[in-house]
Each structure stands twice: as C-alpha cells, then as structure tokens.
Amino acid sequence: MKKVLALTDFLNLNIGSATDAYLRELALVAIESRHLAHTVEQLSAYQRGLTEAEAPKGKLIEGRYWVANDGTVTDQQTSLMWMQSALEGTFTFDGACQAAKHLNAQEGFAGRTDWRMPSQDELFSLVVEANRPSVCQEAFPDTPEASFWTSTPHAAYAAGPRIIHFGNGRIYSNNSYSYFNHVRLVRGASVHRI
C-alpha cells in the first residue's frame, strides 16, 4: 500500500532524481502561489505511479490560468476548466447544447465527459475589457471578437438567452434561440456573481 503524502512532505524530499526535484518544485510553487488545483493533480499523478513525463504538463499565465497541454485552461480563481478553443463554427442555441451532449457521449475532450455550456457569470469571468478580443489572449489565443452563447436565459426575453460579445466584453440579450453564435464549453461547479 502506498503512503499518501501531504504537500509539505514534498519539500523534505531528498533530491536524488529529476522526478524528486520536479516534485519539490511543484510543491514550492503550489505553496507560494496558493494555486493548488493542477499542482495537486500532478502530485496525485505521482502518487498513482505516473512518471514525470506522464504527469499533466502546462504553464501558469498571469498567475491565474493554468494552460495544460491537453487543450484545456483552468481558471485558478473560479476552479472552472475551459476548452482553450471555442468549438469550431457557430451554432444555434439548441445546436450548441447538442454539440456539448454529442461530444460528451463520444470520447469527450481531454479525457473528460462532463462539458457543458457556461452560465452568463461563468463566461463573463473570462472577460478582460481592455483587450481585443476581450479575453486573456495568451490563455485563449483563438478567441474571435464575436458573440458566445451562455446557458442563462434573460428574464425579460423568454425568446432567448444571454450572450457575451468578446469584441467588447459586454453582455447582451439575444431575442432568439435561432441565431448563430460561438460556444466555449466549460466543466466544474457553477460560478455565481456575489
């Protein structure tokens, strides 16, 4: 039976291999930055017997976004995992919902099968109004300056949900489910505005 190690245990490793040095560095980064989500996943991979080469790889951007080599971006502030690129093409609202269901029913994406359309608050959490497109371009480099669907209905317009336009970072009310917009899928717990 393997011993489960605490994060601080990795600081006390005798550095006898490249893997030990790699794990100690991960622990230091996690403790200093308090961004534990992917670091813990990497340490967990080590505990499962994966080698350094097999452990998840990526880089932290702006101290917030963990961009993994599997096409995902995890927002360290919200703990939401995003697809780095939007789905190819544009969709009606129902088409976007069906695309997410189809993706999950197949093999999923990046080994996960619980992708969904984001709420207004979740998608808006990515907006950087000073940028064009209005998103962290290093984390999400292929984002078009266009409208993206959210799963949030507009209270005043039963005919359509909210959209977010990444050309200006604004939230709009869509008056129809039949318009064509982009979609970026997300997974994880829902984020609600405080």
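The values are calculated or read from the model by the stated rules, or taken from the named source; none is laboratory data. Not measured: the values here are computed from a predicted model. Accessible surface areas use protein heavy atoms only, side chains included; no ligands, DNA or RNA. Shrake-Rupley method; radii C 1.70, N 1.55, O 1.52, S 1.80 Å.
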Exposure ranking of 80, 103, 60 by accessible area [1.4 Å probe, largest first]: 60, 103, 80
Within the accessible area of the stretch 78-181 (1.4 Å probe), percent carbon and sulfur: 49 percent
Relative contact order computed over the stretch 56-194 (Cα-Cα under 8 Å; 6+ residues apart), in percent: 27 percent
Sequence-distant residues sharing a close amide H with residue 135 (under 5 Å, placed H): 128
Probe 1.4 Å, protein heavy atoms only - accessible area per residue of the stretch 62-194 in square angstrom: 49 Å²
Rel. contact order, % - alpha carbon contacts under 8 angstrom, at least six apart, the stretch 73-151: 27 percent
Whole-Hz couplings from phi, Karplus 6.51/-1.76/1.60, listed for the stretch 111-118; x for Gly and Pro: x, 10, 10, 10, 6, 8, 6, x
